[in-house]
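Taking it in order: structure first as structure tokens, then the write-up.
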Amino acid sequence: MNSRPLIETATRLFANNKGLLAMDESNGTCNKRFAAVGIPQTEETRRAYRELIVTTQGLGESIGGAILYDETIRQQERSGTPFVKALIEAGIIPGIKVDTGAKELAGHPGEKVTEGLDGLRDRLSEYYRLGARFAKWRAVIAIGKGIPSRGCIEANAQALARYAALCQEAGLVPVVEPEVLMEGGHSLERCSEVTEEVLQQVFCELYTQRVMLEGMILKPNMVLPGSACPNQKAGEEIADATVNCLLRAVPAAVPAVAFLSGGQSAELASARLNAMNLRFKSRLPWALAFSFARAIQQPALELWKGLDANVSAAQSALCHRARCNQAARSGQYSAAMEKN
Ligand code: 5MM
């Protein structure tokens, strides 16, 4: 394994307070998001929407990498320019989601394990040839009565580590995403306890599978009360719980932690990331960044509505959210940014 290009890619992704844009929704997820705002669900509308994103002027000033889906990495602009080329010219490194989805975990009702290891070595080398320089795999952990089980945590952590080792062998930086879901009535403390246990198991497996920590990215959830928990918390409490949990579980050799947004509103996700950097930045061993999908894209998607006439307004909204999150990386985001 040649470590230098991996370390260089991991560094470039987050230079100048940039972060990642997750635009890797599988067709099912993308169609669901389109249906919710009345956009027809076809290959052409998915292509047109992704063209809107990759042609957004100035996006590369705040986005260092974009995570694509298998359909998207092979698509082109109407003019014939491949999306990968457009991203590279905008200064954005192309990435690719390589898991094949979370499936029911046998013997564990209500729990899932992410699949996609079969044939992964060959798929990774194809994605490298297509221009990807980093990859992503998401494991999903639910909190509920008696769950998560050790079986679920261990199966997902081992798959994440095997994926990460294969990525590094292929010259791709692995983004390791163990997502503890927000859904449920659990408390902030319960989310913290589960997130810490999951992260510790993930790093134990990454170590066992000989993954080079300097050449990977962690994409965790923020530590939050469940979405149905009556006791919601202020941004400072969430910042403290999240950073303290990460400090206990994430080795200092990891270059960056890039959060998923998980269904938080765009503004809350920015404000919480900002609070973490404001309160802790000088004391952290890793960059605290973002790898949001909904918290960057949702306002743009709602404005676009599938119409050419709305492309420019949607692109402005996309750029705005990317800039807000870039500001949050240095504790410079404020509610006033939303008014301008
Ligand atoms: C958790 O989802 C990831 C981050 O998105 P949010 O910031 O919206 O939480 C995202 O990369 C995710 O993996 C895709 O959007 C959805 O992927 P699937 O495979 O479910 O279509």
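Rolling a 1.4 Å probe over the protein heavy atoms leaves Arg294 with an accessible area of roughly 90 Å².
Computed from the C-beta positions of Ser316 and Ser3 and an R0 of 56 Å, the FRET efficiency is 0.90 to the nearest 0.05. Met337 exposes around 50 Å² of accessible area when a 1.4 Å probe is run over every protein chain in place. Accessible area ranking (1.4 Å probe, heavy atoms, ligands and nucleic acids excluded), largest first, for Ser334, Ser270: Ser334, Ser270. Peptides 257-267, 281-291, 70-80 ranked from most to least packed, by the mean per-residue count of other Cβ atoms within 10 Å: 257-267, 281-291, 70-80.
Taking label points 7 Å from Cα along the Cα-to-Cβ direction, Ile88 and Glu189 give a separation of 5.3 nm. For segment 65-159, the spread of Cα coordinates along the three principal axes comes to 52, 25, 20 Å, biggest extent given first. Taking the 1.4 Å solvent-accessible surface of segment 7-146 as the whole, the part contributed by carbon and sulfur is 49%.
At q = 0.08, 0.09, 0.11 Å⁻¹, what is the base-10 log of I(q)/I(0) for the chain according to the Debye formula with one equal point scatterer per Cα and no solvent? Please give it to two decimals. Values, matching the q order: -0.34, -0.43, -0.67.
Share of antiparallel DSSP beta bridges in the chain, in percent to the nearest 5?
In the chain, DSSP labels about 15 percent of beta bridges as antiparallel.
The convex hull drawn around the Cα atoms of segment 145-210, when projected onto a plane and averaged over every direction, covers 4.7 nm². Bridge orientation summary for segment 1-144: considering DSSP beta bridges with both residues in this region, about 25 percent are antiparallel. Inter-label distance, Gln57 to Arg129: 3.7 nm, where each label sits 7 Å from its Cα along the C-beta direction. Rolling a 1.4 angstrom probe over the protein heavy atoms with all chains in place gives the chain an accessible area of 41 Å² per residue. Segment 119-192 and segment 244-295 have Cα centres spaced 17 Å apart.
For Gln75, the shell of other residues with beta-carbons less than 9 Å away shows a net charge of 0, using +1 for Lys and Arg and -1 for Asp and Glu.
Distance from the Cα centroid of segment 306-325 to that of segment 88-104 is 21 Å (rounded to whole angstrom).
Write down, largest first, the equivalent ellipsoid semi-axes of segment 122-280 in whole Å, where each equals the square root of 5 times an eigenvalue of the alpha-carbon gyration tensor.
Its equivalent ellipsoid spans semi-axes of 27, 17, 14 Å.
Among the chymotrypsin sites (Phe, Trp or Tyr not before Pro) in segment 56-157, none is located in a DSSP loop while being surrounded by at most 14 other Cβ atoms within 10 Å of its own Cβ.
Taking all protein chains together and rolling a 1.4 Å probe, Cys204 ends up with roughly 70 Å² accessible.
Calculate, for Ala252 and Asn16, the FRET efficiency according to 1/(1 + (r/R0)^6) with r their C-beta to C-beta distance and R0 22 Å; round to the nearest 0.05.
That pair, Ala252 with Asn16, gives E of 0.50.
For the pair Asn27 and Ala335, the difference between a 0.36 nm per residue extended length and the Cα-Cα distance amounts to 107.5 nm. Structure note, pairs Lys136/Lys281; Lys97/Lys339; Lys305/Lys339; Lys97/Lys233: Cα-Cα distances above 30 angstrom occur for Lys97/Lys339; Lys97/Lys233.
The values are calculated or read from the model by the stated rules, or taken from the named source; none is laboratory data. These numbers were taken from a predicted model, which means no experiment stands behind them. FYI the Cβ positions are ideal-geometry reconstructions off the backbone, even for glycines, and counts take in every protein chain you see. In case anyone asks, the SASA skips ligands and DNA or RNA and just uses the protein heavy atoms, side chains included. Shrake-Rupley method; radii C 1.70, N 1.55, O 1.52, S 1.80 Å.
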